[in-house]
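A short write-up of the structure that comes next.
The values are calculated or read from the model by the stated rules, or taken from the named source; none is laboratory data. Quantities reported herein were computed from a predicted structural model and do not represent experimental measurements. Ideal geometry is used to build each Cβ from the backbone, glycine not excepted, and the neighbour counts take in all protein chains shown.
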Amino acid sequence: MKYLFIVQGEGRGHFTQAITLEEMLIKNGHEVVEVLVGKSSSRTLPGFFNRNIKAPVKLFTSPNFLPTAQNKRVSLGRSIAYNSLRIPVYINSMFYIKQRIEESGADVVINFYELLTGLTYTFLRPRIPYVCIGHQYLFLHHDFKFPQKSRLNLFMLRFFTRLTSLGSSKKLALSFSQMSDDERESISVVPPLLRREVLTLQPEQGDYIHGYMVNSGYADNVIAYHDSHPELPMHFFWDKPDAPEEMKVAVNLSFHQLDDVDFLNYMSGCRAYASTAGFESICEAMYIGKPVMMVPVHIEQDCNAYDAACAGAGIISDSFNLDDLIEFSKGYIPNRTFVYWTNSSERVLIDELEGNMERHSIFDIPALSNYFQ
């Protein structure tokens, strides 16, 4: 089978998932013919993705969420206003996506939570079936437990997730733990997609805190904490285009540009991990037995953090005050069931993709009112 990937270009999780799934597909006799990445002017394509993905990569302009003026949490108002002005650009991207799907020779499209994929299938009707993959599709599962957050924000999250999957044949929901499938929503629950490099890491117990922030505005928060604890070694990764590869703020505090090899090396030897609650890096920390503190930056990450905390990954915080993480790490017990579940990933995912996938007609899209449930 020939596959085409469409990848949302926010954060690092979708990129590492795409790299991992491509390796699995090639290993099992399939081919990835092309990778389309939706990106914005505020994000750059990580170097590790270009180095590791085998298929040709093509870019298109895609909607993205803008942070607050402090560059911390997402600003819904700013995001809506900004993206509304760029609708003509996104329509051009949809025509480009359809063109690439039809000219690539792909048999199946796999969507890594890119909004324009669902909209392209809704309005332009490519005739190649597609499958969605991501932790976010678990938010549509009838058994998923949500945190106590704004009902409006949770509704918008579920609505956005539905938009990314309009017309899809199946949704593969990456999960911290095993759950039954949800046939009504065409959801199959599958293990996390962790890269081979993670599965072969030999973790050590170091003395430093490792971290990742998707929005660089949290750097001031980290620096302020370090000023009060200068003896604690800290290595944080960020996505700040104008920063050097390593910015050494103090003897024991450095900020690093996102590089997957360095990121995993620091993960393997850290004392504990602090993150803005992206699903992928939480899974990596859980797999190698590192305690986690999660600082969500938007409603999706609020749900990620709550789900991860229920699975025993760690604790949730509203800032990078690391005292609670250090205290939690003293009694942390790794979740070994998660490791066994993750190790079954290739078998489960290949079975899902090679199996007799029910191919709903792409013209049989539910009424829009269904998406407001």
Pairs needed: first member in the range 104-129, within 21 Å of Glu31 (Cβ to Cβ); second member anywhere, in a helix (DSSP H, G or I) and of a type in the set (Gly, Ala, Ser); C-beta distance under 7 Å; at least 6 residues apart or different chains. Phe112/Ala18
Among the residues of the range 20-37, write down those that are farther than 18 Å from Glu103 by Cα and in contact with a Leu (Cβ under 7 Å, 6 or more places away or on another chain). Thr20, Leu21, Met24
Per the list (1) within 20 Å of the chain's Cα centre (by Cα); (2) not in a loop (DSSP other than H, G, I, E, B), residue check on Ile97 breaks on (1)
Look through Val222, Val190 and report the one residue that is hydrophobic (A, V, I, L, M, F, W, C), at pLDDT 95 or above and in contact with a strand residue (DSSP E or B) (Cβ under 7 Å, 6 or more places away or on another chain). Val190
Result of the Cβ filter at 7 Å on the range 87-101, keeping first residues that are under 16 Å from Gln8 (Cα atoms) and among the small types (Gly, Ala, Ser) and partners that are at pLDDT 95 or above and assigned to a helix (DSSP H, G or I), at least 6 apart or interchain, is Ser93/Leu116
Which residues, counting only those in the range 228-253, are loosely packed, with under 15 Cβ neighbours inside 10 Å and touching a helix residue (DSSP H, G or I) at 6+ places or on another chain (Cβ under 8 Å)? Ala243, Ala250
Can you tell me how many residues within the range 160-187 are among the aliphatic types (A, V, I, L, M) and either surrounded by fewer than 22 Cβ atoms within 10 Å (Cβ to Cβ) or modelled with pLDDT under 95 (or both)? 3
Taking the range 297-336, which residues are in a loop (DSSP other than H, G, I, E, B), touching a residue at least 40 places away in the same chain (Cβ under 8 Å) and not small (Gly, Ala, Ser)? Val297, His298, Phe320, Asn321, Leu322, Tyr332, Pro334, Asn335
Near pairs, Cβ below 6 angstrom, 6+ apart or cross-chain, from the range 138-153 (of a type in the set (Lys, Arg)) to any residue that is surrounded by 10 or more Cβ atoms within 10 Å (Cβ to Cβ): Lys149/Asp302
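Quick grid of which residues meet (1) without any contact (Cβ under 8 Å) to a residue 24 or more places away in the chain; (2) assigned to a loop (DSSP other than H, G, I, E, B); (3) at positive phi; (4) over 17 Å from the mean Cα position of the chain (by Cα):
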| residue | (1), (2), (3), (4) |
| --- | --- |
| Glu185 | no, yes, no, yes |
| Leu193 | no, yes, no, no |
| Glu204 | no, yes, no, yes |
| His210 | no, no, no, yes |
| Tyr218 | no, no, no, yes |
Odd one out for His256 among (1) farther than 21 Å from Asp318 by Cα; (2) in contact (Cβ under 8 Å) with a residue 24 or more places away in the chain; (3) crowded, with 19+ Cβ neighbours inside 10 Å: (2)
Residue check, His135 buried (at least 21 other Cβ atoms within 10 Å of the Cβ), within 30 Å of Cys310 (Cα to Cα) and in contact with a strand residue (DSSP E or B) (Cβ under 7 Å, 6 or more places away or on another chain): yes
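Look at the range 337-353 and say how many of its residues are without any contact (Cβ under 8 Å) to a residue 12 or more places away in the chain and either of a type in the set (Ser, Thr, Tyr) or on the phi > 0 side of the Ramachandran plot (or both).
Counting residues in the range 337-353 that are without any contact (Cβ under 8 Å) to a residue 12 or more places away in the chain and either of a type in the set (Ser, Thr, Tyr) or on the phi > 0 side of the Ramachandran plot (or both) gives 1.
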Tell me whether the range 231-246 contains one or more residues that are over 22 Å from Thr44 (Cα atoms), modelled with pLDDT under 95 and of a type in the set (Gly, Ala, Ser). no
Given the structure, is Tyr266 within 22 Å of Glu197 (Cα to Cα) and either in the same structural domain as Met234 (by TED's automatic domain parsing) or at pLDDT 90 or above (or both)? yes
Condition set of a type outside the set (A, V, I, L, M, F, W, C) and at pLDDT 95 or above, scope the range 287-301, selection nearest to the chain's Cα centre (by Cα): answer is Tyr287
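Of everything in the range 223-278, what is among the hydroxyl-bearing types (Ser, Thr, Tyr) and under 25 Å from the mean Cα position of the chain (by Cα)? Give them in sequence order.
Ser254, Tyr266, Ser268, Tyr273, Ser275, Thr276
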Applying the selection to the range 5-26, what residues are free of Cβ contacts under 8 Å to residues at least 40 places away in the same chain and either in the same structural domain as Gly278 (by TED's automatic domain parsing) or more than 18 Å from the chain's Cα centre (by Cα) (or both)? Ile26
Can you pull out every residue in the range 170-183 that is assigned to a strand (DSSP E or B) and farther than 20 Å from Ala285 by Cβ? Lys170, Lys171, Leu172, Ala173, Asp182
